[in-house]
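One structure is given below, encoded as structure tokens.
Every number in this text was worked out from the coordinates using simple rules, so none of it is lab data. Quick caveat, the model's predicted, so the values are computed rather than measured.
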Amino acid sequence: MDLKTKKDDGPLQFSRTMKLPYVLSFLYANMNYHAEHHLAPSIPFYNLPEFHKILLRNGYIESTTLRDFFLEILKNKKNYL
């Protein structure tokens, strides 16, 4: 699978990865790594941060902060409703 050409398709089209504080990430069972989870649902939640680093390092995905995530929703709210 060529992820670089599929950034806006398939599992990456509607799933995002958000950088959360460690405690929130832990309480959320690392599901803030949502794009990674959809790309490889068999990877245990505790390995998703490492999988994220690999994908990010190779330019396959992008991550965003929680603040930027909500700003994007507000900016494009008509697309989300």
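Whole-Hz Karplus values for the stretch 24-31 come out as 5, 4, 5, 5, 8, 6, 6, 6 Hz, taken residue by residue from phi with 6.51 cos²θ - 1.76 cosθ + 1.60 and θ = phi - 60°; glycine and proline positions read x.
Given 0.36 nm per residue, what is the gain on full extension from Phe45 to Lys19 after removing their alpha carbon distance, in nm? Numbers along the way, then the final one.
Values: separation 26, 0.36 × 26 = 9.36 nm, distance 1.49 nm.
Result for the pair: 7.9 nm of gain on full extension.
3J(HN,Hα) couplings calculated from phi for the stretch 32-41 with the Karplus curve 6.51 cos²θ - 1.76 cosθ + 1.60 (θ = phi - 60°) are, in sequence order, 5, 8, 6, 4, 5, 4, 6, 6, 9, x Hz; Gly and Pro show x.
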